[in-house]
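K.L.:
Could you have a look at this structure, given as structure tokens, before my questions?
The values are calculated or read from the model by the stated rules, or taken from the named source; none is laboratory data. This is a predicted model, so every value here is computed, not measured. So basically every Cβ, Gly included, is an ideal-geometry build from the backbone, and we count neighbours across all protein chains shown. Heads up: the accessible areas ignore ligands, DNA and RNA and are worked out on the full protein's heavy atoms, side chains in. Shrake-Rupley method; radii C 1.70, N 1.55, O 1.52, S 1.80 Å.
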Amino acid sequence: MSTVLTLLAAASAVGVGAAARGEAANATSVVLVHGGFVDGSGWQGVYDILRSDGYDVTIVQNPTTSLADDVAVTRRAIAAAPGQVVLVGHSYGGVVVSEAGTDPKVAAVVYIAAFAPDAGESVASLIADPAPGAPVPPILPPVDGFLFLDQAKFAASFAADVAPNLAAFMARSQVPWGVAALDGKVTAPAWKTKPSWYLVATEDRMIPPEAQRQMAGRCGATVSEARGSHAIYVSQPQAVAAAIAAAAKGAGRVRS
């Protein structure tokens, strides 16, 4: 090979290597955290959209037995994800990401119709004094330390805009939510040190929209709203994926 060809080949190799390193440096990972009474399968629509847009996506399967257990599982997912992470929580998942999101790999935290607690707060404390006229979630009395929603009222409260057959399946496949998870208190909320985004579900009958707006305002979050039930991550995946992508771009970690 001539000297010129050798130099061209070397330059090409360097260029390809730099491009690969640049893509790796700019790659955005998204970690999705579900809430109480459900598992991670509800994120499928959001997952499909984000994957098609080039994001690396991990779905956490929380045991929802205690906040400590759920944070531990989420932190393992963050550690395994490539590059910087956009950490997303729905409902009780907002408590989990508030606690786990202080991880150095987390570039932004996103709340989807979620609890966004301050230090010392839990789901139990946030729902202890509902506003007059606010809808009351149909949570049944605990059995062996675990909670369920009344199946007959599940769709109206949790998934009013989800296809009836799917909402019925969600009601009958509920994941037991541990009272210990409900009582778990956040120590140092991530939104105090990381940029945050919040999507308000305007037809939510589990966490009142006004409560969502108040929590988002306290966080200093970038707020968007979409018409949807508490299960907006199932019924409106495009709106949810758009909020997550906005966080990725806003955090300066968008994939090249």
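K.L.:
So, S41, is that one closer than 25 Å to I207 by Cα, hydroxyl-bearing (S, T, Y) and either open to solvent by less than 50 Å² (accessible area, probe 1.4 Å) or in contact with a Cys (Cβ under 8 Å, 6 or more places away or on another chain) (or both) or not?
P.N.:
No: the conditions fail for S41.
K.L.:
Sticking with this one: Answer yes if at least one residue in segment 174-190 is open to solvent by 20 Å² or more (accessible area, probe 1.4 Å) and free of Cβ contacts under 8 Å to residues at least 24 places away in the same chain, and no otherwise.
P.N.:
No, segment 174-190 contains no residue that is open to solvent by 20 Å² or more (accessible area, probe 1.4 Å) and free of Cβ contacts under 8 Å to residues at least 24 places away in the same chain.
K.L.:
Does Y233 satisfy the criteria of being closer than 18 Å to G36 by Cα, in contact with a strand residue (DSSP E or B) (Cβ under 9 Å, 6 or more places away or on another chain) and crowded, with 24+ Cβ neighbours inside 10 Å?
P.N.:
Here the answer is yes, as Y233 does meet what is asked.
K.L.:
Scan segment 117-132 residue by residue and report those that are farther than 16 Å from A180 by Cα and either more than 23 Å from the chain's Cα centre (by Cα) or open to solvent by 40 Å² or more (accessible area, probe 1.4 Å) (or both).
P.N.:
Result: A119, D129, P130, A131, P132.
K.L.:
Identify, please: which residue in segment 22-38 is open to solvent by 30 Å² or more (accessible area, probe 1.4 Å) and aliphatic (A, V, I, L, M) and is, among those, modelled with the highest pLDDT?
P.N.:
So, considering only residues that are open to solvent by 30 Å² or more (accessible area, probe 1.4 Å) and aliphatic (A, V, I, L, M), the one modelled with the highest pLDDT is A25.
K.L.:
Within the group G217, G184, G178, which residue is under 27 Å from K105 (Cα atoms), of a type in the set (G, A, S) and touching an Asp or Glu at 6+ places or on another chain (Cβ under 9 Å)?
P.N.:
Result of the check over G217, G184, G178: G184.
K.L.:
Can you confirm whether V136 is under 22 Å from T65 (Cβ atoms) and open to solvent by 10 Å² or more (accessible area, probe 1.4 Å)?
P.N.:
The answer is no for V136.
K.L.:
Another question, if that's okay. Can we say A159 is in contact with a Cys (Cβ under 9 Å, 6 or more places away or on another chain), surrounded by 14 or more Cβ atoms within 10 Å (Cβ to Cβ) and touching a residue at least 60 places away in the same chain (Cβ under 8 Å)?
P.N.:
Considered against the rule, which asks whether it is in contact with a Cys (Cβ under 9 Å, 6 or more places away or on another chain), surrounded by 14 or more Cβ atoms within 10 Å (Cβ to Cβ) and touching a residue at least 60 places away in the same chain (Cβ under 8 Å), A159 comes out as no.
K.L.:
Does segment 47-79 hold any residues that are open to solvent by 30 Å² or more (accessible area, probe 1.4 Å) and assigned to a strand (DSSP E or B), and which are they?
P.N.:
D56, T58, I59
K.L.:
How many residues does segment 25-37 hold that are more than 13 Å from the chain's Cα centre (by Cα) and of a type outside the set (S, T, N, Q)?
P.N.:
So the answer is 3.
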